[in-house]
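To start, the structure under review is shown below, and the notes come after it.
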Amino acid sequence: MNNNDNIKKIRESIFKEKKISAEINSLINKAENSKREEDKKMIESHIDKLRISLQQTNSELLNYLEQTNVPAPLTGNLNITANAKPEKKISGKEIEKAEKIPELDKTIIERLKKEKEKKVEKKEEKKTNTYANLSNKFFANISMSLVKQKKFRTIGRDLIKANLNYTLVNYVSMLFLTTTIAFIGSFLIFLFFLFFNLSPTLPIITMATEGIGLRLLEIFWIPIIFPLGTFLFMYNYPSMERKSLGGKIDAELPFAAIHMSAIASSLVDPTKIFSIISSTNEYPNLEKEFNKLLNEINIYGYDLVTALKDSALNSPSAKLSELLNGLATTITSGGSLYEFFDKRSQSLLFEYRLDKEKNTKAAENFMDIYISVVIAAPMIFMLLLMMMKISGLGISLSTGLITLLVVGGVSLINIFFLVYLQLKQSSTA
């Protein structure tokens, strides 16, 4: 290995040491701010691993420095020998050219600096979540005991795959606190409706005239439905977030695979493929997954195949998981990366087109349902209520109450459709 290779290795080792040192400093700050002993122990074990990696990198750096031969600088005055050629006289034109060159160099250097300058965004340190700390204060012990019993194991996997910055104990504590707040709020609403009524006309709030027993039968469901709905939503939220992120990754993956195929055709190192894709900023959701993969290689010291299998296991997208596992198999067996990415990009692009066709047909059906439910149904319902009021048959409601029912029903249906569209768009975008 020559001096140029040694110098290149020295630069890489120094850069790696800087990254590891920055990570250690960040973890030390987190450990100081953390109030839970378990989090501190996890962070300290992580710091120990990074220190071992730092020592290994430092020893490699010393070896490269020992192998590098640097010539000593010349000292003292140089004696002119007898055979030395006489100094060449410089003409006036040559002097003018020499004076013009530095100005040209200055402009070129300034232009190159402007092209290479990159705006470095200052990453603000994330502040601790007050709500999460409050949840841990009240429910950390209960959550810890349930997690040790291997309860909520599916939530733990979904938290990792959805890139949610919560530990399993932390999220379970938040689940219990949110459900408790929902129960207290619904119980207060239950007490209000036990003694009072709401009316669309003035006065809006009136005293209830029914007996307490009948009133209980009418509103007993309020303190049950709201906490139960809150618990189910919090329980399923990590899974919904994982599916949403998986849909976004699936939408970016066909085009990223084509890009990776083009990069692989130049026979670069497989690790460079992921770093190039991450640096393009064209695939924001895939970029996060590839950055996690690169961190496992550069910081934790895993080999590429192990990092690929680990990332495939924690990926929110089944298609990305298949791609990473297939890539690990191709590297192990010594296959062609270009052929692998080329064939996989073709199949992914075909599936992407099929999904787009399905979404188009689903949107047409959705439009027909929306017209029927939101436009036709409320008009028919309002006509029926007006006819019942005029004829005196069945339930006779006032005009204001009929208007309130129709407007409120249409508003609720529109909110439902908007939520559904937002969820559908986030899962396919």
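If amide H atoms are built 1.01 Å from N in the plane of the peptide, which residues on other chains or at least 5 residues away come under 5 Å of the amide H of residue 196?
The answer is 208.
At a 10 Å Cβ-Cβ cut-off, how would you order 250, 342, 269, 48, fewest neighbours first?
Details: 250 21, 342 17, 269 8, 48 11.
Taking fewest neighbouring Cβ atoms as first place, the list is 269, 48, 342, 250.
Find the percent of Cα-Cα distances in region 297-429 that exceed 22 Å, and round it to a whole number.
Values: 5558 of 8778 pairs.
Result for the distance tail: 63 percent.
Across region 299-345, how large is the tail of the calculated P(r) beyond 13 Å, expressed as a percent of all Cα pairs? The partial results should precede the final answer.
Working: 590 of 1081 pairs.
Of the Cα pairs, 55 percent sit more than 13 Å apart.
Among 415, 160, rank each residue by its count of other Cβ atoms within 10 Å, from fewest to most, as a rough exposure measure.
Working: 415 10, 160 16.
Lowest to highest Cβ neighbour count: 415, 160.
Going down the table (16/243; 49/319; 9/292), which pairs top 30 Å between alpha carbons? Present the calculation step by step, with values, prior to reporting the outcome.
On the way: 16/243 35 Å; 49/319 32 Å; 9/292 24 Å.
Pairs exceeding the cut-off: 16/243; 49/319.
Any number yet on Rg/Rh for region 186-260, C-alpha, Kirkwood? Intermediate values should be presented prior to the final figure.
Details: Rg = 23.3 Å, Rh = 16.4 Å.
With Rh from the inverse mean 1/r over Cα pairs, Rg/Rh is 1.42.
Considering all projection directions equally, how large on average is the shadow of the alpha-carbon convex hull of region 130-236, in square nanometres? Working shown, then result.
Working: hull surface 37.3 nm².
The orientation-averaged projected area of the Cα hull of region 130-236 comes to 9.3 nm².
Please order 159, 217, 349 by the number of other Cβ within 10 Å, starting at the fewest. Walk me through the numbers on the way to the answer.
Numbers: 159 22, 217 11, 349 15.
Fewest-to-most ranking of 159, 217, 349: 217, 349, 159.
So what are the ³J(HN,Hα) numbers for region 12-17, from phi and the Karplus equation (6.51, -1.76, 1.60; θ = phi - 60°), rounded to whole Hz, Gly and Pro as x?
With the stated coefficients, region 12-17 comes to 4, 5, 5, 4, 5, 4 Hz.
Order the peptides 273-281, 251-259 from the highest to the lowest mean number of other Cβ atoms within 10 Å of their residues. All intermediate terms of the calculation are to be shown ahead of the outcome.
Values: 273-281: 16.0, 251-259: 20.4.
Highest mean packing first, the order is 251-259, 273-281.
Give me Rg/Rg_expected for region 237-290, where Rg uses Cα atoms only and Rg_expected = 2.2 N^0.38 Å with N residues.
Details: Rg = 12.5 Å, N = 54, 2.2 N^0.38 = 10.0 Å.
In units of the 2.2 N^0.38 Å rule of thumb, it is 1.25.
Can you list, largest first and rounded to whole Å, the semi-axes you get for region 245-353 by taking the square root of 5 times each eigenvalue of its Cα gyration tensor?
Square roots of five times the eigenvalues give 18, 16, 13 Å.
Taking 1 over the mean of 1/r across every pair of different Cα atoms in region 134-188, what Kirkwood radius in Å do you get? Could the numbers behind the result be given before it?
On the way: mean 1/r = 0.0855 Å⁻¹.
Evaluated on region 134-188, it is 11.7 Å.
Can you give me the Kirkwood hydrodynamic radius for region 1-68, using every pair of distinct Cα atoms, in Å to one decimal? It would help to have the intermediate numbers written out before the result.
On the way: mean 1/r = 0.0754 Å⁻¹.
Result for region 1-68 stands at 13.3 Å.
The numbers here are math on the coordinates, done by the rules we state, and not lab data. Bear in mind that the values here come from a model prediction, so they are computed numbers and not experimental data. In this analysis, Cβ positions are derived from the backbone assuming ideal geometry, glycine residues included, and neighbour counts consider all displayed protein chains.
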